[in-house]
Amino acid sequence: MAQILVIEDDKEIQAVLKNYLTEEGYSVFLAGDGLEGIAAFHGRKADLILLDVMLPKVDGFTVLELIRKETKIPLILVTARDSVEDQVKGFELLADDYVTKPFDMPVLLCKIRAVLRRAGSGEVEERLRYRDLELDEEEYRGYLMGRELELTQKEFELLRVFLAVPGKVHTRQSLLDQVWGFDYFGEERIVDTHIKNLRKKLGADYIQTVRGVGYRVEKQ
């Protein structure tokens, strides 16, 4: 299980990241400012760091610079600062990737997996398999018994959430947070519509309804 250090001062974003990454099987620990982040980095082993730039006490660029003096640990900057100058500075300080807020959670997860793969410290499997289904997370393609499925981005992301943890029940709100993003404020019944369409394309009832709770796929 890869361990991820999240250095972020926004409590809401902290909670969303922790809940989402924990559901994906990662172990997550948090720091609320630059000084706490440096202390957490020294106090506990991490396989990857998600680092905000606009932090109290010590800003993220300084934290990154200090960390890079000690290690090449995989590190992704996650920040509202989206200027070209800031992105160039982040990469010059040897960040592995740069994600701007508001971010799409499935995209962030794919970036985390890619950075961990490049570092050789996380998952190396690029395809997610469940019975006759297979998802290629690098190319966003899904296959049923070797035949490519015509999936929308949201359908692919929903399927990936289910197949990542077979047996786990996901509420509509959890699926909205994971697939549509924590800043989505639309109708939650959109989840039902996408699952209905996904079931049609799969031609089999892989996705089960858990009455009064949400949806899941059975354990392997």
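Annotations for the structure displayed:
- Segment 112-179: trypsin sites (Lys or Arg not before Pro) falling in loop per DSSP and having at most 16 other Cβ within 10 Å: Arg131, Lys168
- Computed on the chain, with alpha-carbon pairs under 8 angstrom and 6+ residues apart, the relative contact order is 14 percent.
- For Cα Rg over 2.2 N^0.38 Å, calculated from these coordinates, the label among [x] 1.07; [y] 1.01; [z] 1.14: [x]
- Summed over qualifying helices (DSSP H, 4 residues or more, each -39500 (n - 2.57)) and divided by its residue number, the chain shows a 222 nm mean residue ellipticity of -11500 deg cm²/dmol.
- Debye equation applied to the C-alpha atoms of segment 1-120, log10 I(q)/I(0) at 0.16, 0.19 Å⁻¹: -0.67, -1.00
- Rg to Rh, two decimals, where segment 127-217 supplies the alpha carbon set and Rh follows Kirkwood: 0.94
- Trypsin sites (Lys or Arg not before Pro) restricted to DSSP loop in segment 1-108 with at most 14 other C-beta within 10 Å: Arg44, Lys45, Lys57, Lys69, Lys72
- Of all DSSP beta bridges confined to segment 78-220, the antiparallel ones make up roughly 90%.
- Straight-line cross-link partners of Lys200 among the lysines, defined as a Cα under 22 Å from its Cα and at least 8 positions apart when in the same chain: Lys154, Lys168, Lys219.
- Here the chain is assigned +1 on the Cβ of each Lys and Arg and -1 on the Cβ of each Asp and Glu. Its dipole about the Cα centre then comes out at about 820 debye.
Bear in mind these aren't lab numbers, they're just calculated from the coordinates by the rules spelled out. None of these values were measured; they are calculated from a predicted model. Because the Cβ atoms are built from the backbone with ideal geometry, glycine has one as well, and the counts that use them run over all protein chains shown.
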